[in-house]
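The values are calculated or read from the model by the stated rules, or taken from the named source; none is laboratory data. No experiment lies behind these values; they were computed from the predicted model shown. In this analysis, Cβ positions are derived from the backbone assuming ideal geometry, glycine residues included, and neighbour counts consider all displayed protein chains.
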């Protein structure tokens, strides 16, 4: 009996340390609270929300389907769209497509998004509607041979993630200076038995969620396949990119066809759908089962920036994206139901 208790304690200890041995541990899904939503009544039509963030009383929603812009500004008081950014196109300040990984900072009244097709990072100022563009030199050999799927501005330069000859040499992150010359490369993929580093790169870049702490000091990375959550310290750039914490919840399940195309078969374990960050916490939507019957999750996990789990909320509806107003104790969310399709809701966190 005593020996059994010791074994249990060792397992729990392994699951609550930095997982250098890459131990998969079930996520803490047992919730302390169930949050009930209130529908935000509006005449606006939504198709999804890849990312949501709040600046003043404007809820910014990345939704590209129904309008000629990619980011809408929804006024939470007037209950309607009052502004828009990122017009679709190839001109200055315009974008062709973007990921869900927008950098936002409400205190600075700006946000940044990366246009993967045009290979440029655009910063929009929400006060005066000015913008600045940072164009990758795509004719340069470095960028012809390497596909930069994500690009994030840090205090020490631009951090890129993607595929290509440089990335395939077991390097996960590339750091460029302001002239886009390569300053450093960093490893970072976990070693998991039976999964090659090339396949790990595809897992990590498949509908991934990346956010920067508003003060710019840390980065959180969450995977859609497998439910892996990592926190990195950006303050040691350009010399190093230390891993602060890694949670591995589900072992990635995937397959590749004869042409090498990545696919998610029956039995794929889906992980993180969306994350939202503040200077105080990380809020993460996580699927609760292997192959969920629900199209979107109804569990939200909260962590501090050291990667410590704080609490889990159960939500009374399926949710695609979230935005937390900590000052007023409100969480805005893009919910989904068969009756209403995508629609805005709010939750009281107080």
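Each row is one residue, and each column tells you yes or no for (1) in a strand (DSSP E or B); (2) surrounded by fewer than 19 Cβ atoms within 10 Å (Cβ to Cβ).
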site	(1), (2)
70	yes, no
77	no, yes
84	yes, yes
87	yes, yes
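Is it the case, given these coordinates, that residue 253 is under 25 Å from residue 58 (Cβ atoms) and surrounded by 14 or more Cβ atoms within 10 Å (Cβ to Cβ)? Show your work before the answer.
Numbers: under 25 Å from residue 58 (Cβ atoms): no; surrounded by 14 or more Cβ atoms within 10 Å (Cβ to Cβ): yes.
No.
Could you grab me the full set of residues in the stretch 335-348 that are more than 11 Å from residue 37 (Cβ to Cβ) and either part of a strand (DSSP E or B) or modelled with pLDDT of 95 or more (or both)?
336, 341, 342
Within the stretch 115-128, is even one residue part of a strand (DSSP E or B), touching a helix residue (DSSP H, G or I) at 6+ places or on another chain (Cβ under 8 Å) and buried (at least 17 other Cβ atoms within 10 Å of the Cβ)?
Just the residues of the stretch 115-128 that are part of a strand (DSSP E or B), to begin with: 115, 120-125.
Checking the rest, the ones that are also touching a helix residue (DSSP H, G or I) at 6+ places or on another chain (Cβ under 8 Å) come to none.
Checked against the condition, which is being part of a strand (DSSP E or B), touching a helix residue (DSSP H, G or I) at 6+ places or on another chain (Cβ under 8 Å) and buried (at least 17 other Cβ atoms within 10 Å of the Cβ), the stretch 115-128 yields no hits at all.
If you go through the stretch 222-231 one residue at a time, do you hit one that is without any contact (Cβ under 8 Å) to a residue 12 or more places away in the chain and either in a loop (DSSP other than H, G, I, E, B) or surrounded by 17 or more Cβ atoms within 10 Å (Cβ to Cβ) (or both)? Write out each step before concluding.
In the first step, residues of the stretch 222-231 are kept if they are without any contact (Cβ under 8 Å) to a residue 12 or more places away in the chain; the result is none.
No - not one qualifying residue is present in the stretch 222-231.
Determine which member of the set 346, 240, 341 is within 21 Å of residue 50 (Cβ to Cβ) and surrounded by fewer than 18 Cβ atoms within 10 Å (Cβ to Cβ). Please lay out each step first, then the result.
Numbers: 346 fails: surrounded by fewer than 18 Cβ atoms within 10 Å (Cβ to Cβ); 240 fails: within 21 Å of residue 50 (Cβ to Cβ).
Selected residue: 341, the only one of 346, 240, 341 that is within 21 Å of residue 50 (Cβ to Cβ) and surrounded by fewer than 18 Cβ atoms within 10 Å (Cβ to Cβ).
Can you find even one residue in the stretch 310-331 that is modelled with pLDDT under 95, part of a loop (DSSP other than H, G, I, E, B), loosely packed, with under 13 Cβ neighbours inside 10 Å and within 20 Å of the chain's Cα centre (by Cα)?
No - not one qualifying residue is present in the stretch 310-331.
Yes or no, residue by residue, for (1) closer than 22 Å to residue 274 by Cα; (2) over 20 Å from the mean Cα position of the chain (by Cα); (3) at pLDDT below 90:
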| residue | (1), (2), (3) |
| --- | --- |
| 89 | no, yes, no |
| 101 | yes, no, yes |
| 114 | yes, no, no |
| 129 | no, yes, yes |
| 134 | no, yes, no |
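Could you please let me know if residue 214 is more than 20 Å from residue 148 (Cα to Cα), surrounded by fewer than 19 Cβ atoms within 10 Å (Cβ to Cβ) and touching a helix residue (DSSP H, G or I) at 6+ places or on another chain (Cβ under 9 Å)? It would help to see each step written out before you state the result.
Numbers: more than 20 Å from residue 148 (Cα to Cα): yes; surrounded by fewer than 19 Cβ atoms within 10 Å (Cβ to Cβ): yes; touching a helix residue (DSSP H, G or I) at 6+ places or on another chain (Cβ under 9 Å): no.
The answer is no for residue 214.
Residues in the stretch 178-198 that are under 24 Å from residue 260 (Cα atoms) and either assigned to a strand (DSSP E or B) or under 24 Å from the mean Cα position of the chain (by Cα) (or both): how many? Explain how you work it out, then say what you get.
Step one: list which residues in the stretch 178-198 are under 24 Å from residue 260 (Cα atoms), which gives 187-198.
Okay, now just the ones that are also either assigned to a strand (DSSP E or B) or under 24 Å from the mean Cα position of the chain (by Cα) (or both), so 187-192, 195-198.
Count: 10.
Would you be able to tell me the number of residues in the stretch 4-60 that are outside any loop (DSSP other than H, G, I, E, B) and at pLDDT below 85? Can you show your working first?
Initially, the stretch 4-60 is screened for residues outside any loop (DSSP other than H, G, I, E, B), giving 4-15, 33-35, 37-39, 51-55, 58-60.
Okay, now just the ones that are also at pLDDT below 85, so 4-15.
Total meeting the criteria: 12.
Check whether at least one residue in the stretch 143-159 is closer than 22 Å to residue 58 by Cβ and either free of Cβ contacts under 8 Å to residues at least 40 places away in the same chain or not in a strand (DSSP E or B) (or both), and report yes or no.
No, the conditions are met nowhere in the stretch 143-159.
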